[in-house]
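Enquirer: The structure follows.
The values are calculated or read from the model by the stated rules, or taken from the named source; none is laboratory data. Being a predicted model, the structure only gives us computed values, none of them experimental. Positions of Cβ are generated from backbone atoms using ideal geometry, with glycine treated the same way; all protein chains shown enter the neighbour counts. The area values use the complete protein model at the heavy-atom level, side chains included, leaving out ligands, DNA and RNA. Shrake-Rupley method; radii C 1.70, N 1.55, O 1.52, S 1.80 Å.
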Amino acid sequence: MSALSTDFDRAALGRVYEQTIAGEYLRFTRHWVAIGGTGHVSERLGGTEQTPAVTTAGPPGSVISFSVGFGLDGPIEPAVIDRAEELHRSMGGDPVFEVSPYADPSYPAELKRRGYVLRELLHTFYLPMVEPPDLPMPEGVRVERVDKSDPAMLGRAIRANASGREHVSGSADDPPSELALGIAGCVISCPENATFAAYLDDEDRIAGVATCGLWDHPLAAGHMNLYQGSTMPFARRRGVQLALMLARLRWGFGEGSRSASLDCLPGVASERNAARAGFGLLYTKPVLTAGFDGS
């Protein structure tokens, strides 16, 4: 696993990641609601528009339903947790809180007082970029940016992303769920995000889709977050995920980004590909929930 230099201020980088990802989720959920999308709400509950703490709430099973960025500006007020819980439960889901190791101690203490338990751990990775990663694109994989002004192409990308994340074929006989389609539409349709589609050899069917966003944070202008990647079942173990990672990093560097981050569960392919691309582990953070039954 790659390692970050000890010269890095990990607390500062942690703030960049937590607040930029909160801002990304706030803006694409706002866009989704503005165009008539349903199923998710988002609200800034602290900080500023550029350094926010955000709750994005969705139905049970939503992978973009969580509260993030809390506790980075000092002690947490119980009323903030109250409002976050209200938003989560208004959508029918259990409250979910990501807890940065650099958050004020009052934040995890308040969640503990309320009986929250560990749902999972997330690894957060960071990459400083003097130049894009010097890795060749995997053989037999080509990547192109999704033209969101083309409704047909946008629709194909959303469907493929939803299908890949649900581990289904995406054929007419095995469509992705409405929840998966709504999540993919929420993330990919946002005009401020850049989305890329991968193809194998000379095939026309989409093999994988992944999205990224740039964010002007006071500590890291143009910082880049990578998220919402998926690979279709027929294309797995062919280098699709790595190709999408490299394409996004090269695009972001061309747009002025000099740092990038992502998070993932321990032990998954994203972790291995992040190491190959030069990312270093910044920290591991707990994700806490109420009502989690372990199923």
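Enquirer: Six or more apart or on different chains, Cβ atoms under 8 Å: show the pairs whose first residue is in the stretch 127-142 and on the phi > 0 side of the Ramachandran plot and whose second is open to solvent by 60 Å² or more (accessible area, probe 1.4 Å).
Expert: From the stretch 127-142, the pairs are Gly140/Asp201; Gly140/Arg238.
Enquirer: I need every pair where a residue in the stretch 274-290 that is at positive phi has its Cβ under 9 Å from the Cβ of a residue that is open to solvent by 10 Å² or more (accessible area, probe 1.4 Å) and among the small types (Gly, Ala, Ser), sequence separation at least 6 or different chains.
Expert: Short answer, once both residue conditions are applied: Gly278/Ser2.
Enquirer: Just checking: which of the strands (runs of 3 or more DSSP E) contained wholly in the stretch 15-87 hold 3 or more residues that are among the β-branched types (Val, Ile, Thr) and surrounded by 24 or more Cβ atoms within 10 Å (Cβ to Cβ)?
Expert: On the way: elements: 41-47, 52-57, 66-68.
Qualifying strands (runs of 3 or more DSSP E): 52-57.
Enquirer: If you take the residues of the stretch 177-192 that are over 14 Å from Tyr227 (Cα atoms) and of a type outside the set (Gly, Ala, Ser), which of them is most open to solvent (accessible area, probe 1.4 Å)?
Expert: My answer is Glu178.
Enquirer: Ala274 - would you say it is at pLDDT 95 or above, open to solvent by less than 40 Å² (accessible area, probe 1.4 Å) and either touching a strand residue (DSSP E or B) at 6+ places or on another chain (Cβ under 6 Å) or of a type in the set (Val, Ile, Thr) (or both)? Let's see the steps before the verdict.
Expert: Values: at pLDDT 95 or above: no; open to solvent by less than 40 Å² (accessible area, probe 1.4 Å): yes; either touching a strand residue (DSSP E or B) at 6+ places or on another chain (Cβ under 6 Å) or of a type in the set (Val, Ile, Thr) (or both): yes.
Considered against the rule, which asks whether it is at pLDDT 95 or above, open to solvent by less than 40 Å² (accessible area, probe 1.4 Å) and either touching a strand residue (DSSP E or B) at 6+ places or on another chain (Cβ under 6 Å) or of a type in the set (Val, Ile, Thr) (or both), Ala274 comes out as no.
Enquirer: Spot the failing condition for Ala243; the list is (1) under 30 Å from Thr55 (Cβ atoms); (2) small (Gly, Ala, Ser); (3) touching a strand residue (DSSP E or B) at 6+ places or on another chain (Cβ under 6 Å); (4) not in a strand (DSSP E or B), and only one is missed.
Expert: (1)
Enquirer: Another question, if that's okay. Starting from residues that are open to solvent by less than 50 Å² (accessible area, probe 1.4 Å) and within 19 Å of the chain's Cα centre (by Cα), keep the ones in the stretch 124-147 and report whichever is nearest to Ala247 (Cα to Cα).
Expert: It comes out as Val146.
Enquirer: Would you be able to say whether some residue in the stretch 101-114 is open to solvent by less than 40 Å² (accessible area, probe 1.4 Å), more than 29 Å from Phe279 (Cα to Cα) and in contact (Cβ under 8 Å) with a residue 40 or more places away in the chain?
Expert: Checked the stretch 101-114: at least one residue is open to solvent by less than 40 Å² (accessible area, probe 1.4 Å), more than 29 Å from Phe279 (Cα to Cα) and in contact (Cβ under 8 Å) with a residue 40 or more places away in the chain.
Enquirer: Which condition number in (1) open to solvent by 50 Å² or more (accessible area, probe 1.4 Å); (2) in contact with a His (Cβ under 8 Å, 6 or more places away or on another chain); (3) of a type outside the set (A, V, I, L, M) is the one that Trp215 fails?
Expert: Result: Trp215 fails condition (1) only.
Enquirer: Report whether or not Arg119 is surrounded by fewer than 22 Cβ atoms within 10 Å (Cβ to Cβ) and in a strand (DSSP E or B). Step through it out loud before you land on a result.
Expert: On the way: surrounded by fewer than 22 Cβ atoms within 10 Å (Cβ to Cβ): yes; in a strand (DSSP E or B): yes.
Criteria met by Arg119.
Enquirer: Taking the condition over 15 Å from the mean Cα position of the chain (by Cα) and not hydrophobic (A, V, I, L, M, F, W, C), does Gly239 pass? Working first, answer last.
Expert: Values: over 15 Å from the mean Cα position of the chain (by Cα): yes; not hydrophobic (A, V, I, L, M, F, W, C): yes.
Yes, satisfied.
Yes/no per residue for (1) in contact with a Pro (Cβ under 6 Å, 6 or more places away or on another chain); (2) among the small types (Gly, Ala, Ser); (3) not in a loop (DSSP other than H, G, I, E, B):
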site	(1), (2), (3)
Arg238	no, no, no
Ala247	no, yes, yes
Trp251	no, no, yes
Asp263	no, no, yes
Asn273	no, no, yes
Leu281	no, no, yes
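Enquirer: Test Gly23 against the stated conditions and say whether it is touching a strand residue (DSSP E or B) at 6+ places or on another chain (Cβ under 8 Å) and within 18 Å of Leu288 (Cβ to Cβ).
Expert: Details: touching a strand residue (DSSP E or B) at 6+ places or on another chain (Cβ under 8 Å): yes; within 18 Å of Leu288 (Cβ to Cβ): no.
Judged against the criteria, Gly23 is not a match.
Enquirer: Tell me which residues, restricted to the stretch 229-246, are without any contact (Cβ under 8 Å) to a residue 24 or more places away in the chain and on the phi > 0 side of the Ramachandran plot. Don't jump to the end; show me each part of the working.
Expert: So in the stretch 229-246, the residues without any contact (Cβ under 8 Å) to a residue 24 or more places away in the chain come out as 236-237.
Matches in the stretch 229-246: Arg237 only.
Enquirer: Turning to a different aspect of this structure: Out of curiosity, is Leu179 hydrophobic (A, V, I, L, M, F, W, C) and part of a helix (DSSP H, G or I)?
Expert: On the way: hydrophobic (A, V, I, L, M, F, W, C): yes; part of a helix (DSSP H, G or I): yes.
So Leu179 passes the test.
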